[in-house]
Amino acid sequence: MQVSVRDNNVEQALRALKKKLQREGVFREMKLKQHFEKPSVKKAREKAEAVRRARKLARKKLQREGAL
């Protein structure tokens, strides 16, 4: 991952880097890896996340179709 610093503006480059890391999910992954997660808990969490994603996708699809 690479961020360029323009006009010696380090703060702006740091903000851009943090935004890129956030989009990639690096912070979330680091938080999850801080402690051991039992396989059963991990499976339940991932399943819940998948359900949440599916519901969000269905909600957005319904909203798009309703707007047409």
Worksheet entry | Cβ-Cβ FRET estimate between ALA13 and ARG52, R0 fixed at 25 Å, reported to 0.05 | 0.15
Worksheet item: Which entry in [x] 1.18; [y] 1.07; [z] 0.96 is this structure's computed Rg/Rh (Cα atoms, Kirkwood Rh)?
Response: [x]
Fill in: Solvent-accessible heavy-atom area per residue, rounded to whole Å², over the chain at 1.4 Å
102 Å²
Worksheet item: Under 19 Å Cα-Cα from LYS38, which lysines qualify once same-chain neighbours fewer than 8 residues away are excluded?
Response: LYS47
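The values are calculated or read from the model by the stated rules, or taken from the named source; none is laboratory data. Remember, predicted model here, so these are calculated numbers, not experimental data. Note: ideal-geometry Cβ built from the backbone for every residue, glycine included; neighbour counts use all protein chains shown. Note: areas computed on protein heavy atoms with side chains; ligands, DNA, RNA excluded. Shrake-Rupley method; radii C 1.70, N 1.55, O 1.52, S 1.80 Å.
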